[in-house]
Protein chains: 6
Amino acid sequence: MKKNIFTLILALLMLAMVSGLPGLTSAAQRDSDDGKLRIIVFGAHPDDCEHRAGGVAAMWAEQGHHVKFVSVTNGDIGHAVMAGGQLAKIREKEGRQAAKALGIDETQVLDIHDGELMPTLENRKTFVRLIREWKADIVMAHRPNDYHPDHRYTGILMQDAAFMVTVSFFCPDVPQLAKNPVFLYLSDNFQKPNPFEPSVVVAIDDVFEKKVDALWSFQSQIESLWATGNFEKIVPVPKDPVGRKERRRQLSRRI
Amino acid sequence: MKKNIFTLILALLMLAMVSGLPGLTSAAQRDSDDGKLRIIVFGAHPDDCEHRAGGVAAMWAEQGHHVKFVSVTNGDIGHAVMAGGQLAKIREKEGRQAAKALGIDETQVLDIHDGELMPTLENRKTFVRLIREWKADIVMAHRPNDYHPDHRYTGILMQDAAFMVTVSFFCPDVPQLAKNPVFLYLSDNFQKPNPFEPSVVVAIDDVFEKKVDALWSFQSQIESLWATGNFEKIVPVPKDPVGRKERRRQLSRRI
Amino acid sequence: MKKNIFTLILALLMLAMVSGLPGLTSAAQRDSDDGKLRIIVFGAHPDDCEHRAGGVAAMWAEQGHHVKFVSVTNGDIGHAVMAGGQLAKIREKEGRQAAKALGIDETQVLDIHDGELMPTLENRKTFVRLIREWKADIVMAHRPNDYHPDHRYTGILMQDAAFMVTVSFFCPDVPQLAKNPVFLYLSDNFQKPNPFEPSVVVAIDDVFEKKVDALWSFQSQIESLWATGNFEKIVPVPKDPVGRKERRRQLSRRI
Amino acid sequence: MKKNIFTLILALLMLAMVSGLPGLTSAAQRDSDDGKLRIIVFGAHPDDCEHRAGGVAAMWAEQGHHVKFVSVTNGDIGHAVMAGGQLAKIREKEGRQAAKALGIDETQVLDIHDGELMPTLENRKTFVRLIREWKADIVMAHRPNDYHPDHRYTGILMQDAAFMVTVSFFCPDVPQLAKNPVFLYLSDNFQKPNPFEPSVVVAIDDVFEKKVDALWSFQSQIESLWATGNFEKIVPVPKDPVGRKERRRQLSRRI
Amino acid sequence: MKKNIFTLILALLMLAMVSGLPGLTSAAQRDSDDGKLRIIVFGAHPDDCEHRAGGVAAMWAEQGHHVKFVSVTNGDIGHAVMAGGQLAKIREKEGRQAAKALGIDETQVLDIHDGELMPTLENRKTFVRLIREWKADIVMAHRPNDYHPDHRYTGILMQDAAFMVTVSFFCPDVPQLAKNPVFLYLSDNFQKPNPFEPSVVVAIDDVFEKKVDALWSFQSQIESLWATGNFEKIVPVPKDPVGRKERRRQLSRRI
Amino acid sequence: MKKNIFTLILALLMLAMVSGLPGLTSAAQRDSDDGKLRIIVFGAHPDDCEHRAGGVAAMWAEQGHHVKFVSVTNGDIGHAVMAGGQLAKIREKEGRQAAKALGIDETQVLDIHDGELMPTLENRKTFVRLIREWKADIVMAHRPNDYHPDHRYTGILMQDAAFMVTVSFFCPDVPQLAKNPVFLYLSDNFQKPNPFEPSVVVAIDDVFEKKVDALWSFQSQIESLWATGNFEKIVPVPKDPVGRKERRRQLSRRI
């Protein structure tokens, strides 16, 4: 038996009970003709999808399923020194590298300022369109209870998009889904008003290194928040192989 | 004893504990001089009030109490073929027919796009005015946890209107209520963050056929979502008496 | 042992677990060089901070810690006869008198209409700036479940400001905090979705009279809502010493 | 010939050229069966309709035409001492008295804070509904260039409602108008970007005293802004007949 | 000389003077390597681009230049009988047919309700992205003075997007343009605050039939507003060749 | 006579005619007891006040009058390489240096994203507070017709704040002004709907070098937009004295 089990833990959104568990394989067949699942994950910032669903995404990708990551904000304030579009562009690039590491099909960053996501109707429609265009069988996002407002409103937006993806004349410019996808919450440790209760638990040991690779892509996080725990200064990633290896090892321990 | 008890289950909104249970009869006497209760129900779409409170409303109406249904959105996207104002007008007409079947005093549809209800200040004020103008003793709406964003925001708007209905200089164009009404949640099956806990349970067997009549009024729902479970196509209601009877029987089983 | 223990009960906001309990003394030293704690309290209306944190604030003040009260709305509708800016100015003055009674450093009223507080981005930024400018070690506000929409949205705004106060390029015009403060909820009796669970309980017997003095400052509340329970008429505070004393005694019993 | 001609001067809104001048009598016949014109006037504050269209309204009323005044804001900040709902209620009462003096059919005050009118979609829909419900042949409002933001946005809202009143599925809850009414701007002295150019000029000498009576109804304006030119203090209207007569004479000179 | 000159008349937006007239050919070369111009036109509703720029677009298309039409709203209320997504889908299809008739590269309908376009920041960013993605040399839209609010706000949105298309960190997810395009207003007959003054006049006689073909595509307009001048009823397009020909002839006379 | 007259040209806002020209000296005496004028200037971005009013501000400052510059946005996208809070902080520092060069009393940058200024009620209230707190005799801003949306909405916000600064119960937390200040537009070259018409023209030759010094402070503009005319790359300001002098000379020619 494995000693150290890295896990992805997911909770079924209350909405899932409404839709019933679709026959996933047949849904995928209908949607994209290759018999594979289609998964879309919404994380609040570049790195949130990778942190919370990087392992399972890598596993799905290995099996040929189709995974898309969406960073709902562009991460343009999460650094001690850089900010704005300059930082957003760096993060977008890091996200593409992470997608490569995980082997997933697609990654996208929405142009919404970090720290400024609001549960507007416009954003709800954006979620609906992204889910429909991906012909998603599974949709994942944060729960609406979490430490960061962007995480919470990402969760609310997923909830507000659920069911609406099936309604033909909501966003009539993109064809509706015949079945409501399965909506899953990404795991967290928050206790109020409810602790996270896993509906599905998956061991990700086999793809653990891929997940570390994905997170290692986010050098702008590694040198800033992840190194210091705040936004006061940066601790640059060493350039020498030994230093880099050590820093990567530290990162892998925190996952 | 009856074998099959259809019930209306209601939960007292947390706010009710603030106001205390008013002496309902005396409140009604003051408000409308006929000693009858005045009830207003907010449902998200045309048919939601009927589904969740149709039975108890029919019972109240039989006893001479005054019931008003408000559909907060106009239901203008909930059909596989029709949409917009055209559909909104059909639904408004169906709602009036349902009100007749239940024997209630009044029914109203607000001109808000289906799927686009937001918890704005304007909508909060609309709720306050409607509750005040009805001189309501009892107010009912969905809980803020439910599968549909319009349901959730209807619940939030009722919460946000509660207490404010008593504050004289909020919406000073409509006289405030001297007592906060009793606020009740319509029943549902959602479990997070809390399952619905009934404060009042009422058997509606005696008016069950009236409730079926009310729902039978919504032919635009019967031929679309209720027939297919999605918005892909319609299954027209048969025109022959036998077929109609059978379809109505199916409907009555689902209530 | 004391016979009658008045208490302040506080719940740690879920966010507090993220930040860890900062070494409060050292944080204060860094921030203001006098080794004292810095506390900021957000109440929805003039009198809410005093009601819910008046006792503990007086105790902190006696020990030299720095306390600031913020009334998020200006209380401009909460009276049976007066309203608007006229009332807002009276309430602001009453709040200053209350601050004097408690011995706290500062009190402030934001110019937001009573009953109209919304969880906007602008308001989130206002909270962030106020917390940063106060260099707060402790932040307190209502929970997001309460009877009044302004209370609920005050709670949401505190949640939405938490963590963001540490992010340098959110509101870059005010320097970020190096550590996330401790966020505490003010106590309440609401049960859904969770009852209030105290993390810290403090006996306020020693400062009880100060708290009564603070609340006694709010004559515009004493003569209106507190006297009648609604907004139908006022019961002026007597002008004779005996009558005033009796009214003050009644007030002290309700705390 | 009269020496002193009081005039109402109106400019045709650019939109009028689109609709063409309807055969007004026949439009009225169709709409209300009594062969009379139906006019609705939007003023930004209680007293604006009276100031700018009081004379012509009195003339129309004398001929049996149907006139409605709408104050788009409730005037709740325009006084040196009072404010809020308290002031709004006084102004609403003064407006009703003015309507009586002019002999018009109806007057209404919208519950929008003075100084806070915005050209929102909700307000656009309110204008559309009011125009349709009145079955208006003629609609009047301020131009979008004026000294007060509420005046300007009243003008923009009239513009934004024009034409939309004819579109059936905009606000489908109120039947559309078959013809676009004639839209007229109320006269003003502003020069940029264009001076007011009258399309219609009407002498109001015969009803001049009625207009003075209407404005005399606004005692809360007479004692405040109109007496002092600012909001620093009030100059109460005298209670003795001689003093009142003199004050009224001063008022009539300013019209 | 031609007897009947159909013309496209365009006014240079005030902004054009800021950018200077770019060397258009070279700009096109840089942007798309084929030496052709790239033009994007924003019309408020499906058919507005065709009406106001259909002729010149056909001429550009014949010369190999790249033209894209954008309908900013989806036209979902502009019909006497149908509405909503159902109508929006018909209009989108009619627009594609019109694009074919004109020979232009691309046509797109934004999912914004007809009659509800607002000059929001989100819409400004949408305009910026569309202009950048098209690598436009020329941008056209309505003037901000016109009879329909959607036309006016389309004009304002073009103005608000102008210049911003060149700013790298506005919408950093789409590369900025090195040069501000030429912005042109579509012609109109409105006189206030300024009449339309043509900067460029182009005879469109040679492509006139193509323009008629494009407008003929909009059967949902031909049977409704264009036939009746209002939204009371429809006059179906005849099905017989003679009747259709006559109706098409009538249409061509109105252009 | 001077050969080269640098001028500040100002247009009186239409609103000025409403207020009448106040006896400026006495107003200043009342407000600040030192008999000096108090001027506040709103520019859209850091450098706009300096560009458009730097000369006259320096002249006023030399005479002891009190001048405050407000940059309404924080300039956080106007650079080819940097952006966000990082850039905003640099620009704020450059603005302080410019204020020093001009000798004015105060300069302030509002925390609003560059390119995202909207004419909201919140921003209107911010303008009102700033004007009142400065006890302004003169207020200046851009006209609402200009090439950049931030400029236009700065002009609209000044218009929307005008008059409201005198209304006591608008923003009751800051005392109103007894007199409406003189509102002036900053000069520009735009022609539609009206060309700029100067009401006051002032030769600024005597302070010209101060103005150059002020603009020279904005190194982040000099190396980016001002050097290249777009946002593609930067041309760093030379470090050697000769190169710097030459660059400064080029700058002075463009003023």
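The values are calculated or read from the model by the stated rules, or taken from the named source; none is laboratory data. Predicted, not measured: the structure shown is a model, and the values here were computed from it. Note: ideal-geometry Cβ built from the backbone for every residue, glycine included; neighbour counts use all protein chains shown. SASA here: full protein model, heavy atoms, side chains in, ligands and nucleic acids out. Shrake-Rupley method; radii C 1.70, N 1.55, O 1.52, S 1.80 Å.
Values as computed for the structure displayed
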| quantity | calculated |
| --- | --- |
| DSSP bridge orientation in chain C - percent antiparallel, rounded to nearest 5 | 30 |
| Built amide H within the under 5 Å cut-off of D:GLY75, gap 5+ | D:ASP114 |
| GluC sites (Glu not before Pro) restricted to segment C:152-255 and DSSP loop, no more than 16 other C-beta within 10 Å | C:GLU232 |
| Two-decimal ratio, segment A:41-149, of alpha-carbon radius of gyration to 2.2 N^0.38 Å | 1.04 |
| Candidate lysines - alpha carbon under 16 Å from C:LYS192, same-chain residues fewer than 8 apart omitted | A:LYS192, B:LYS192 |
| Hydrodynamic radius of segment B:104-145 per Kirkwood, over alpha carbon pairs, in Å | 12.1 |
| Whole-percent carbon and sulfur share, accessible surface of chain D, 1.4 Å | 53 |
| Environment charge at B:SER220 (Cβ cut-off 15 Å; Lys +1, Arg +1, Asp -1, Glu -1) | -2 |
| Unit charges at the beta carbon, dipole of segment D:24-122: most positive-side option, D:GLY43, D:GLY55, D:ASN74 | D:GLY55 |
| Magnitude of the charge dipole, chain F, Cβ model with Lys/Arg +1 and Asp/Glu -1, debye to 20 | 520 |
| Positive-end residue, segment C:158-255 charge dipole about Cα centroid, Cβ charges, pick of C:PRO236, C:VAL167, C:PRO181 | C:PRO236 |
| Exam field: B:THR120 pseudo-label spacings to other copies (7 Å along Cα-Cβ), nanometres | 0.5, 1.0, 1.3, 1.3, 1.5 |
| Linear extension gain, F:VAL201 paired with F:VAL81, 0.36 nm per residue minus alpha-carbon span | 39.4 nm |
| At 1.306 mPa s and 10 °C, Stokes diffusion of segment C:30-82 via Kirkwood alpha-carbon radius, µm² per second | 128 |
| Cut-off 11 Å between beta-carbons: net charge of the residues surrounding E:ASP160, Lys and Arg +1, Asp and Glu -1 | +1 |
| For D:PHE183, residues with placed amide H under 5 Å, excluding near neighbours | D:LEU13, D:ALA16, D:VAL139 |
| Interface residues, segment D:72-112 - accessible area loss of 30 Å² or more versus chain alone, probe 1.4 Å | D:ILE77, D:VAL81, D:ALA83, D:GLY85, D:GLN86, D:LYS89, D:ASP111 |
| Rounded to 5, the percent of DSSP beta bridges in the protein assembly as shown classed as antiparallel | 30 |
| Debye equation applied to the C-alpha atoms of the protein assembly as shown, log10 I(q)/I(0) at 0.08 Å⁻¹ | -1.21 |
| Inter-label distance, nm, simple model (7 Å from Cα along the C-beta direction), C:ARG248/A:LYS245 | 7.7 |
| Label distances, nm, F:SER252 versus same residue in remaining copies, Cβ-directed 7 Å point | 6.3, 6.8, 6.8, 7.6, 9.7 |
| Within the protein assembly as shown, helix-based [θ] at 222 nm, where runs of 4 or more DSSP H residues each add -39,500 (n - 2.57), nearest 500 | -12000 deg cm²/dmol |
| Vicinal HN-Hα couplings computed from phi for segment E:171-183 (Karplus, 6.51 cos²θ - 1.76 cosθ + 1.60; Hz; Gly/Pro x) | 6, x, 7, 10, x, 5, 8, 6, 10, 5, x, 7, 9 |
| Cβ-placed point charges (K, R +1; D, E -1), dipole of segment A:29-134 about Cα centre in debye, nearest 20 | 180 |
| For segment A:53-113, the Rg and Dmax computed from alpha carbons only, in angstrom | 12.8, 40 |
| Hits among lysines - C-alpha to C-alpha of F:LYS125 under 19 Å, sequence gap 8 or more where chains match | C:LYS89, C:LYS125, F:LYS68, F:LYS135, F:LYS179 |
| Number of partner chain Cβ atoms within 10 Å, mean per residue of F:184-196 | 3 |
| Listed residues A:VAL139, A:GLY115, A:PHE208: farthest to the positive end of the dipole of segment A:108-255 (Cβ charges) | A:PHE208 |
| Shortest-first nm distances, C:ASP206 label point to equivalent points in other copies (7 Å, Cα→Cβ) | 6.4, 6.4, 6.6, 8.5, 9.6 |
| For segment E:102-112, Karplus couplings with θ = phi - 60° (6.51, -1.76, 1.60), whole Hz, Gly/Pro x | 8, x, 7, 6, 8, 9, 8, 10, 7, 8, 10 |
| Cut-off 14 Å between beta-carbons: net charge of the residues surrounding A:PRO238, Lys and Arg +1, Asp and Glu -1 | +3 |
| Overall dimensions of chain E as given by Cα atoms, namely Rg and Dmax in Å | 18.0, 58 |
| Cα-centred dipole magnitude for segment A:178-255, charges only on beta-carbon of K, R (+1) and D, E (-1), debye, nearest 20 | 180 |
| F:VAL67 long-range amide H proximity, modeled H, under 5 Å | F:ILE39, F:ASP105, F:GLU106 |
| Karplus-derived 3J(HN,Hα), 6.51/-1.76/1.60, for each residue of segment B:76-92, Hz, glycine and proline x | 8, 10, x, 7, 7, 10, 9, 6, x, x, 4, 5, 4, 5, 5, 5, 4 |
| Residue of F:ARG91, F:ARG124, F:ARG52 that the Gaussian network model of chain F assigns the largest fluctuation, springs spanning Cα pairs under 10 Å | F:ARG124 |
| Set of segment C:102-121 residues, backbone N closer than 15 Å to the point 7 Å along the Cα-Cβ line of C:GLU209 | C:102-103 |
| Over 18 Å [Cα-Cα, segment D:107-214], rounded percent | 57 |
| Probe 1.4 Å, protein heavy atoms only - accessible area per residue of chain B in square angstrom | 38 |
| E from A by rotation - nearest chain A beta carbon to the axis, in Å | A:GLU122, 2 |
